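As structure tokens, the structure follows; a few thoughts come after it.
The values are calculated or read from the model by the stated rules, or taken from the named source; none is laboratory data. Owing to the predicted nature of the structure, the values given are computational and were not obtained by experimental measurement. Positions of Cβ are backbone-derived with ideal geometry, glycine not excepted, and every protein chain shown enters the neighbour counts. To get the accessible areas, we keep the full protein, side chains included, count just its heavy atoms, and leave off ligands, DNA and RNA. Shrake-Rupley method; radii C 1.70, N 1.55, O 1.52, S 1.80 Å.
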Amino acid sequence: MNQNKNLENLVSFRKGPEAALESYKKLGFHMEYDFFSHEECEEIIGVGKQLDPYREKTFCPVYNPHRINSTFLNAMRSPKLVTIMEKLISGKVSGLQTQFFYCPPNTPGYAMHQDNSFVEADKDSFASAWTALQDTSPEMGGLVVYPRSHMEPLLPREKINGRQSKSQDKNATQEQVILPKGYNPIELTVPIGATVFLHAHIVHSSNDNNSNKFRYALLITYIKEGAKFRSGNTAKREAVSLY
């Protein structure tokens, strides 16, 4: 399995937006370094520690914290984030969902999946932004991506019997996509404040957290204004105006 040792030398939206967009279209993902400041990351973690899963020591992921705290809503409305999403989705966007992850030690990873399997959005109208709120390595539950797999349609899924934990989504380890042969995974090392932009169809997963640290992360998803999507029984997605 490859690691992203050379991704820091690739293009960025700040230095070359056209080249960065082409890279995203080719690979199905793009990492933008130093996207959120250390102070912003620390603020988000601090607010996350005020929420029930932290106080109650369940550490389960928090769905849509932007509905209960302005810090998460402000992150969703970040102009620099919205601007990139407009390029990825080719038009004005709405916020769709936020999710805050604690991922304490021994949390099982998320099985291979495509985000649009859950959202069922119109073609090329949906994308995600996953931000590492502290340095994140493969050993501590880092993301795994399968470059170019976004060219696939929504893939069939199969049931699996993965390890469950109260600190992981209950559906995360019970099924996975059936990925055709030929795709080589990359384990991402994501430094604090870096954001990984994910195409709606790219196959990705995460490793188990085998470290002694929490892996704090924030997921924000966006959809083209007016596009159709599935609300979901658990996520209860709703379009959020960003302008």
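Of all residues in the range 137-155, how many are open to solvent by 40 Å² or more (accessible area, probe 1.4 Å) and touching a Ser or Thr at 6+ places or on another chain (Cβ under 9 Å)?
Qualifying residue count, the range 137-155: 2.
If I ask for residues that are out of contact with any Cys (no Cβ under 9 Å at 6 or more places or on another chain) and either part of a loop (DSSP other than H, G, I, E, B) or on the phi > 0 side of the Ramachandran plot (or both), which ones from the range 129-153 would you list?
Within the range 129-153, Asp135, Ser137, Pro138, Glu139, Gly142, Tyr146, Pro147, Arg148, Glu152, Pro153 meet the criteria.
Which of the residues spanning the range 85-97 are among the basic types (Lys, Arg) and assigned to a helix (DSSP H, G or I)? If you could, list the steps in order and put the result at the bottom.
Pass one, the range 85-97, residues among the basic types (Lys, Arg): 87, 92.
Answer for the range 85-97, where residues must be among the basic types (Lys, Arg) and assigned to a helix (DSSP H, G or I): just Lys87.
Pull out all pairs, ordered by first then second residue, where Cβ-Cβ is under 9 Å, the residues are six or more apart or on different chains, the first lies in the range 8-30 and is within 19 Å of Val82 (Cβ to Cβ) and open to solvent by 90 Å² or more (accessible area, probe 1.4 Å), and the second is among the aliphatic types (A, V, I, L, M) and not in a helix (DSSP H, G or I).
Within 9 Å, the pairs are Glu18/Val11.
Is it the case that some residue within the range 75-87 is out of contact with any Pro (no Cβ under 7 Å at 6 or more places or on another chain), over 19 Å from Glu225 (Cα atoms) and either surrounded by 22 or more Cβ atoms within 10 Å (Cβ to Cβ) or without any contact (Cβ under 8 Å) to a residue 60 or more places away in the chain (or both)?
Checking the range 75-87: not a single residue is out of contact with any Pro (no Cβ under 7 Å at 6 or more places or on another chain), over 19 Å from Glu225 (Cα atoms) and either surrounded by 22 or more Cβ atoms within 10 Å (Cβ to Cβ) or without any contact (Cβ under 8 Å) to a residue 60 or more places away in the chain (or both).
Out of the residues in the range 108-136 that are under 20 Å from Ile192 (Cα atoms) and out of contact with any Pro (no Cβ under 8 Å at 6 or more places or on another chain), state the one that is most open to solvent (accessible area, probe 1.4 Å). Outline the logic, then answer.
Initial filter on the range 108-136 (under 20 Å from Ile192 (Cα atoms)): 109, 128-136.
Then drop every residue that is not out of contact with any Pro (no Cβ under 8 Å at 6 or more places or on another chain), which leaves 109, 128-131, 133-134.
Details: Gly109: 10, Ser128: 1, Ala129: 1, Trp130: 13, Thr131: 7, Leu133: 4, Gln134: 37 Å².
The extreme case among them is Gln134.
Given the criteria over 24 Å from Ser12 (Cβ atoms), at pLDDT 95 or above and among the aliphatic types (A, V, I, L, M), does Val196 qualify? Step through it out loud before you land on a result.
Numbers: over 24 Å from Ser12 (Cβ atoms): no; at pLDDT 95 or above: yes; among the aliphatic types (A, V, I, L, M): yes.
Against the criterion (over 24 Å from Ser12 (Cβ atoms), at pLDDT 95 or above and among the aliphatic types (A, V, I, L, M)), Val196 does not qualify.
So, in the range 156-168, of the ones that are in contact (Cβ under 8 Å) with a residue 40 or more places away in the chain and open to solvent by 20 Å² or more (accessible area, probe 1.4 Å), which residue ends up nearest to Phe35 (Cα to Cα)? Let's see the steps before the verdict.
Residues of the range 156-168 in contact (Cβ under 8 Å) with a residue 40 or more places away in the chain: 157, 160, 162-168.
Filter once more, so that each one left must be open to solvent by 20 Å² or more (accessible area, probe 1.4 Å): 157, 160, 162-166, 168.
Working: Arg157: 33, Ile160: 35, Gly162: 33, Arg163: 33, Gln164: 32, Ser165: 31, Lys166: 30, Gln168: 26 Å.
For the range 156-168, the residue satisfying everything is Gln168.
Can you tell me which residues in the range 98-128 are part of a loop (DSSP other than H, G, I, E, B) and more than 15 Å from Ser206 (Cβ to Cβ)?
Taking the range 98-128 and keeping what is part of a loop (DSSP other than H, G, I, E, B), we get 102-112, 114-115, 120-125.
Across the range 98-128, the qualifying residues are Glu120, Ala121, Asp122, Lys123, Asp124, Ser125.
Return the residues of the range 183-222 that are of a type in the set (Val, Ile, Thr) and either open to solvent by 20 Å² or more (accessible area, probe 1.4 Å) or farther than 29 Å from Lys49 by Cβ (or both); say none if nothing qualifies. Break it down into steps so the answer makes sense when it comes.
As a first pass, look at the range 183-222 and keep what is of a type in the set (Val, Ile, Thr): 186, 189-190, 192, 195-196, 202-203, 220-221.
Hits for the range 183-222 are Ile186, Thr189, Ile192, Ile202, Val203.
For the structure I just gave you, tell me whether Thr173 is over 12 Å from Tyr146 (Cβ atoms) and either open to solvent by less than 30 Å² (accessible area, probe 1.4 Å) or among the hydrophobic types (A, V, I, L, M, F, W, C) (or both). So that I can check it myself, show each step before the final result.
Working: over 12 Å from Tyr146 (Cβ atoms): yes; either open to solvent by less than 30 Å² (accessible area, probe 1.4 Å) or among the hydrophobic types (A, V, I, L, M, F, W, C) (or both): yes.
Judged against the criteria, Thr173 is a match.
Residue by residue through the range 43-61, note down the ones that are without any contact (Cβ under 8 Å) to a residue 40 or more places away in the chain and open to solvent by 20 Å² or more (accessible area, probe 1.4 Å). Give the derivation first.
Applying the first criterion (without any contact (Cβ under 8 Å) to a residue 40 or more places away in the chain) to the range 43-61 yields 43, 46-47, 49-50, 52, 55-57.
Correct list: Glu43, Gly46, Lys49, Gln50, Asp52, Arg55, Glu56, Lys57.
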